[in-house]
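Enquirer: Input: one structure, supplied below.
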Amino acid sequence: MASEKGPLLGLGFKLNPDRIAALLLEAGIQPGDRGRRRGIAVRHLDNDLLDPVVRLLRLLDRPKDLSMLADSIEREIFWRLISGEQGALVQQLGFADGHTMQISRAIKWIRANYARALRVEELAEVACMSLTSFHRHFVAVTSLSPIQFQKQVRLQVARTLLLSSSRNVADIGLEAGYDSSSQFSREYRRQFGRPPRADGDSLKR
């Protein structure tokens, strides 16, 4: 029984559908049969989930650490919930309105066509959404605009090619979708901190 010496303590943690949707996309989790699943559940915290929750609470006494570390710990908590005993229940939040899977189609298109010139209007058609709605939900799920997301994919492809081949930087940039080798080198250095060739040599070592 709660008392002044032993109060009853509780913790509320808001489940963010956009962050859950982003994790579901990243993990490649598809929606299943959700018809019979309950809207509420009770369970004991296991150590895998309790550990990040405690670490997050401890950050309340360290405001400087809170701003730098809270986001990654929250991401861990979301993943523990998604992949845990009640994961199917939590996943419903990410799949609730269908926008997650619509954005997923656009993301798959970008990854399959990263070297092509990107038209946001075409992506919205792939996702079967209006242009305004598509852009809003794409940013909510990925934290990037479609153009920024394509750039990330192109640079990751280029980095893989630098590691696995001995071709020159200009050819690799061209295959990744860059017409200008100087633009490719500039954006690559901004993303990874080193010029393409120097980064590729370092990765190989």
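The values are calculated or read from the model by the stated rules, or taken from the named source; none is laboratory data. This one's a predicted model, so the numbers in the text were calculated from it and none came from an experiment. Cβ atoms come from the backbone with ideal geometry, glycine included; neighbour counts cover every protein chain shown. All accessible areas refer to the heavy atoms of the entire protein, side chains included, with ligands and DNA or RNA removed. Shrake-Rupley method; radii C 1.70, N 1.55, O 1.52, S 1.80 Å.
Enquirer: Output the residue which, of all residues in segment 20-62 that are among the β-branched types (V, I, T) and assigned to a helix (DSSP H, G or I), is modelled with the lowest pLDDT.
Expert: The extreme case among them is I20.
Enquirer: Mind checking whether some residue in segment 164-173 is in contact (Cβ under 8 Å) with a residue 12 or more places away in the chain and under 28 Å from A22 (Cβ atoms)?
Expert: The answer is no; no qualifying residue exists.
Enquirer: Inside segment 119-149, can you point out the residues that are among the aliphatic types (A, V, I, L, M), over 14 Å from H99 (Cα atoms) and open to solvent by less than 70 Å² (accessible area, probe 1.4 Å)? Explain how you work it out, then say what you get.
Expert: Taking segment 119-149 first, the residues among the aliphatic types (A, V, I, L, M) are 120, 123-124, 126-127, 129, 131, 139-141, 144, 147.
Next, from what is left, pick out any that are over 14 Å from H99 (Cα atoms): 120, 144, 147.
Listed by number, the residues that qualify are V120, L144.
Enquirer: If you don't mind, there's one more thing I want to ask. Only residues that are crowded, with 22+ Cβ neighbours inside 10 Å and of a type in the set (D, E, K, R): list them for segment 150-172, please.
Expert: R154 - this is the single residue of segment 150-172 that is crowded, with 22+ Cβ neighbours inside 10 Å and of a type in the set (D, E, K, R).
Enquirer: Taking into account only those residues within segment 173-193 that are of a type in the set (D, E) and not in a loop (DSSP other than H, G, I, E, B), which is least open to solvent (accessible area, probe 1.4 Å)? I'd like the intermediate steps shown before the answer.
Expert: Step one: list which residues in segment 173-193 are of a type in the set (D, E), which gives 175, 179, 187.
Now drop any that are not not in a loop (DSSP other than H, G, I, E, B), which leaves 175, 187.
Values: E175: 76, E187: 21 Å².
Result: E187.
Enquirer: Looking for something crowded, with 16+ Cβ neighbours inside 10 Å, under 30 Å from N47 (Cβ atoms) and touching a residue at least 12 places away in the same chain (Cβ under 8 Å) - is there at least one such residue anywhere in segment 96-115?
Expert: yes
Enquirer: Pairs needed: first member in segment 80-95, without any contact (Cβ under 8 Å) to a residue 24 or more places away in the chain; second member anywhere, assigned to a helix (DSSP H, G or I); C-beta distance under 8 Å; at least 6 residues apart or different chains.
Expert: Close Cβ pairs satisfying both conditions: G87/L81.
Enquirer: Mind checking which helices (runs of 4 or more DSSP H) fall wholly inside segment 63-165 and carry at least 1 residues that are in contact with a helix residue (DSSP H, G or I) (Cβ under 6 Å, 6 or more places away or on another chain) and at pLDDT 90 or above? Outline the logic, then answer.
Expert: On the way: elements: 63-83, 87-94, 99-112, 120-127, 131-142, 146-164.
Correct list: 63-83, 99-112, 120-127, 131-142, 146-164.
Enquirer: Now for a different question. Any idea how many residues of segment 39-95 are over 25 Å from I29 (Cα atoms), loosely packed, with under 11 Cβ neighbours inside 10 Å and of a type in the set (D, E, K, R)?
Expert: Number of matching residues: 2.
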